[in-house]
Structure formats: structure tokens, C-alpha cells
Amino acid sequence: MQGFLTHYAAFFRLAGVPRLLATALVARMPVGMMSLALLMHLRELSGSFAFAGGIVGTYFIAMAVSAPIQGRLADRYGPRGIVIVTGIVQPIALGLLLFAETLHLSLAAIAPIAVIAGAFVPPISVLTRTLWRHRFENADDRRTAFAVDSVLIEINFTVGPALVGLALLLGTPAMAFGLTWVIAACAAPLFVLSGAHRYWKYSPGEAHHLLGPLTEPRLLIAYATSAALTFSFGMLEVGYPGFAARAGMPAFGGALLAICSIGSALGGVAYGGMHFALALERQLPRLLLLLAVPFGAHALATSAWVLAPLAFIAGLMIAPALTALSLLVTQYAPERYATEAFTWMSTCIVSGIGAGMAVGGQLIEAVGPWGAFASAAAAAIVAALVSLALGRSHAAPAD
């Protein structure tokens, strides 16, 4: 334990680390707030959950499509310009959505505005992951940075929805979305003022392939693993609320998600403070198979009080698995594609979660929550099997 604490104490004493981590935590808070706040605001405007859900889906599709383009621009010219542009355009688009009723905007006008807002989301999450690659040369420090980053993301997804829920409880959907808008508008200036761009390494004159990092076979395997893994997460996103609703405890669904996030945060802290002799390519399949066990046990749970500790146990493996994947992307991506490589991972994550939620919702309606949980376990096993190919890969090292 003493060595564990000493490791983290030394890490947080490194130049700029506390400031960069604090910036990442605050600047990424909209990630955990936007979907719920936008959904409830648009539902209030339109009176339809179907319309609101469709617009939120459109927002995230636009974000997923634009991310690789933003990443390529950041790799070629640095992150400052793309953060400034997106930090201006997105708040304007979100402001139009916030004041849509006051401005007498039609429902038909909301969709293209949502597309613009999604396409111009400041790529803070992706840039933060790329930052750890540029900032840390030491492998242990880099692993710790990615592990702490995973913990911060869990905090974003725990505190963010709680802030929105509190605003909804004390005010209106417009107030909840207004709070999200203010925090989102502050994200880009915070990142620019943090000085993160000083650590960036880029070479605008270097040749780039049209497909960018997609020419690296090992990255394709890592992306496929990410999609399969996050497909299982999407199942949990709907599985927990579905289980709680059927148990007559609808509010407990959010608690189960929070319990899983707490487990993930603790797992991330533990993983970041450990040293492993086993290569990442061999760690990842083991982590994913371990994750499949509590997922499978979810399908057998008959009580919310039984499911709660299983959610915590499952969470323990989530941040380590995502950290290992992020480290592998860092390891495989050539320097000239450092940011774009993470944007493709982000696209796979968003797509995987979305697909998992869609399929999970259908399974809950058709056979019950156990179907979503069993499918989550199956998806984790598929991810483990796909990741085995990384250990057998003999591709040339990234240049």
C-alpha cells in the first residue's frame, strides 16, 4: 500500500499534472450532462419523447462522424485552432436550441441546429487522451495518466447526470439545459487556457494517408474490440433501468448505474497504481473475460439488492479494460495520427453504446432485462476473442 500511495504522490507532483487533470474533469463535464439535459428540454418543447430521442440521436451521430475530421486537423495543425472554432460554434448552436421557443423556431429547424451542435462539439475528451501520450514518455506514468483519466470520466458520468437531475428537481428542463449550456461554453476556453497545447507534437509537412490510422491492422482490431465492449455497456445503460422498473423501483436504475461507475473508478485507481509484467496485449483479453463473469451473473439476479454488488464488481473491470485499450491505441498509432487514432476509438465507443442501447431496449421488451444482461456478457466474450488477435499480430511497429 505504501508503494501504491508513493507512486500516485510522485505522479501528482509532476509538472502541470494537477492543472491538466482538473481542466479535463471540468471541461468534460458536459459529456455526462448533454444527453439527459437535451432530451428533457426537447421533450418539453415538442411534447414527444420520440422526437426528443431522435434529435439527441442525431446530435451524437453528427459528433461521431465529425470526430475523425477534427482529429486529423488537430494532428496536422495542433489542437488550439480546432478548439477555438468549435468552442465558438457549438455554444451558439446550443443557445439557439435553448431559446428555440423564444425565437419561435419550428421543430423542423431544430434537427439541423442539433447536427451543427453535434458536429462542432469541442473534442476535449479525445484531445485529453492524446495529451497523455505527448506529455508522458515513461510507460508507468502514461498508464497512470490513462487510469486516472478513466476515473475522471466515471466522475463526469456520475456527477453530470446528478447535476442535471438536481436542476430538473429544483427548476425546469430549460434550466437544466441552460446549466449544461453554460458549462459547455466554458469547456473550450478552459482547455485553451490550461496550456495543454504546449505539449503537442505535430508535423504539418509529413505525408498522410487518406485512411489515416485505419491503415494500421492492430488499430482496427483495437477499434473492433472497443465497439464490442461498449456494445455491452449500452446493454447495461438500459438493462439497469429496465430491471429497476420491473422490480417496482424505477429510481433504483440510476443508483445501479452509479454503483457500477463507483466500482469502475476504484478499479481504475487500482489499475493505475500497479505494475504488470504481462504485456498489454495479454492483459486485455483477461480483463474482458473477467468482466463477462459478473455480466453473466447479472442475468441470474432476481433482486435489485443482489444486482447492486454485481454492478459494483463488474465496474471494477471496466476502467482497467478501457485504460488498456487506450494504451494500445497510443502504442499502435503513428505520431502523425496520434489524435485521429483516438477519434476513431471515440466513434466506435459512441456507436457501440448506441447500438447496445437500441438492441438492449428491444430485448427488455421481448424477454426481459436478463436478455440484455446475458447479451452484455456475450459481447464482452466476443470482445475478448477479438482482442486475442492483438497478441498474434506481427505487424511492423508504428513509425
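The values are calculated or read from the model by the stated rules, or taken from the named source; none is laboratory data. The shown structure was predicted, so the numbers you read here are calculated from the model rather than taken from an experiment. When we count neighbours, we look across all protein chains shown, and the Cβ atoms used for this are built from the backbone with ideal geometry, even at glycine. To get the accessible areas, we keep the full protein, side chains included, count just its heavy atoms, and leave off ligands, DNA and RNA. Shrake-Rupley method; radii C 1.70, N 1.55, O 1.52, S 1.80 Å.
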Item to check | Length-normalised contact order of the chain in % [C-alpha pairs under 8 Å, at least 6 apart] | outcome: 25 percent
Item to check | Segments 151-158, 116-123 sorted - mean Cβ within 10 Å per residue, highest first | outcome: 116-123, 151-158
Next on the checklist: Rounded, prolate or oblate for segment 241-323? Axes are the square roots of the Cα gyration tensor eigenvalues, ordered a ≥ b ≥ c, and the cut-off for rounded is a/c under 1.5.
Outcome noted: prolate
Checklist entry - Of PHE373, PHE233, which has the most accessible area with a 1.4 Å probe, and how do the rest follow in descending order? => result PHE233, PHE373
Next on the checklist: From zero outward in steps of 5 Å, how is the percent of C-alpha pairs of segment 310-399 spread across the bins?
Outcome noted: 3, 11, 16, 22, 19, 13, 8, 5, 2, 1
Checklist outcome for this item: Using alpha carbon centers only, segment 37-58 is separated from segment 7-36 by a whole-angstrom value of 30 Å
Checklist entry - So what is log10(I(q)/I(0)) for the chain at q = 0.07, 0.10 1/Å, when the Debye sum runs over its Cα atoms only? => result -0.31, -0.65
Checklist entry - Quick one: ranking ASP140, ASP75 by accessible area, 1.4 Å probe, largest first, what do you get? => result ASP140, ASP75
Item to check | Residue of ALA224, ALA358, ALA377 that the Gaussian network model of the chain assigns the largest fluctuation, springs spanning Cα pairs under 10 Å | outcome: ALA358
